[in-house]
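Beneath this line is the structure, given in structure tokens, with notes to follow.
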Amino acid sequence: MPDLPELNPVVHGRLRLALLSLLSGVEEAEFTWLRAKTQATDGNLGAQLLKLEEAGYVALKKNFVLRKPQTVYRITESGRRALAEYVRALKQLLGPAVDR
Amino acid sequence: MQDGITEQELRERLGLIERMIAEGRRTTESWGWTFVLWGIAFYAAVAWSEWGQSAWAWPVTMLIAAIVTVAVAFSKRDHHAQTTLARAVGSIWLALGISMFLLFLPLGLSGRLVDLHVFVAVISGILGMANGASGLILRWNVQFGCAVVWWVSGVAACFGSEKQSMIVFLVAVFLCQILFGIYVMIANVQGRKRHGLTHA
């Protein structure tokens, strides 16, 4: 029986997984856009993004647009790899059930 | 399953990833209104130049439509995500706007925009190019269909009478600007209803 893969705990969190998945489909996204798409609170969203940033999975850039602060996030190469590995592990764990 | 994680939970995670990737790729803004706006602007310009006999009809109408487009687009930009696809399509339409402005404004003001056949052929060709490129990038047959209508309109304008050219142009405006714009807006509302709110 082959060893079952471990699920990356940083990626596995529901909101963090949603954020990584969202960011994987865009070049970059504003904090407000991520909040609108996930329906998360500012505090929770900020905390989860910080965890992803600390893990090196997302990078942020702070800009000023019309004198208003704007935080823009993008997924890093390492984040993209972590998400791909997580999906691979998920599929392996689900095995043939994945297509059901 | 792993450490008490159920199969249902794993499936739910997989579903969440698929939903979020699709959500990220879905355009956040509907641009259907711009097609309708420019369709109405074309009709207004034609009506003004036909009945008002003014050289200012086209430049003024196009300028107003451009200002309204920029103002509305700017006011809608509160939540934003940049995708390569959206940037590619946006660039095409921005370049089209600049080309039309730089071409038709001086032509209209200098009084050299006198041949209706050439005018309809050029404007149809440019709009056919933009719709065709956009339709191919988005793999959207309906928009590519609009490109075909514009190209047909451009070719037809070269052969018919002035009146026939204008009728062909007005029909193309109705089909590819007004009708297509309304279709895009309806499709966008239906899409939003189908996807509902995304709780993550």
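So residue B:146 ticks every box in (1) touching a helix residue (DSSP H, G or I) at 6+ places or on another chain (Cβ under 6 Å); (2) outside any helix (DSSP H, G or I) but one. Which box is left unticked?
Condition not satisfied by residue B:146: (2).
Working carefully through the options B:93, B:38, B:58, find the one that is under 28 Å from residue A:22 (Cβ atoms), touching a residue at least 24 places away in the same chain (Cβ under 8 Å) and part of a helix (DSSP H, G or I).
Numbers: B:38 fails: under 28 Å from residue A:22 (Cβ atoms); B:58 fails: under 28 Å from residue A:22 (Cβ atoms).
Result: B:93 is the single residue among B:93, B:38, B:58 that is under 28 Å from residue A:22 (Cβ atoms), touching a residue at least 24 places away in the same chain (Cβ under 8 Å) and part of a helix (DSSP H, G or I).
Among B:170, B:136, which is closer than 19 Å to residue B:182 by Cβ and assigned to a helix (DSSP H, G or I)?
Only one candidate passes the filter, namely B:170.
Would you mind stating whether residue A:62 is free of Cβ contacts under 8 Å to residues at least 60 places away in the same chain, among the charged types (D, E, K, R) and either touching a helix residue (DSSP H, G or I) at 6+ places or on another chain (Cβ under 7 Å) or closer than 22 Å to residue B:19 by Cβ (or both)?
no
Determine which single condition residue B:54 fails, assuming it passes every other condition in (1) more than 30 Å from residue A:89 (Cβ to Cβ); (2) surrounded by fewer than 17 Cβ atoms within 10 Å (Cβ to Cβ); (3) within 12 Å of chain A (Cβ to nearest Cβ); (4) not aliphatic (A, V, I, L, M).
(3)
Can you tell me which condition residue B:111 does not meet? The list is (1) surrounded by fewer than 16 Cβ atoms within 10 Å (Cβ to Cβ); (2) part of a helix (DSSP H, G or I), and all the others hold.
(2)
Does residue A:40 fit the bill of being among the small types (Gly, Ala, Ser), in a helix (DSSP H, G or I) and either at the interface with chain B (Cβ under 8 Å from one of its Cβ atoms) or touching a Cys at 6+ places or on another chain (Cβ under 6 Å) (or both)? Quick ask: steps written out before the conclusion?
Working: among the small types (Gly, Ala, Ser): yes; in a helix (DSSP H, G or I): no; either at the interface with chain B (Cβ under 8 Å from one of its Cβ atoms) or touching a Cys at 6+ places or on another chain (Cβ under 6 Å) (or both): yes.
In short, no.
Values quoted throughout were computed directly from the atomic coordinates according to the rules given, and no laboratory measurement underlies them. The shown structure was predicted, so the numbers you read here are calculated from the model rather than taken from an experiment. Using ideal geometry, Cβ is built from the backbone for each residue, glycine included, and neighbour counts are taken over all protein chains shown.
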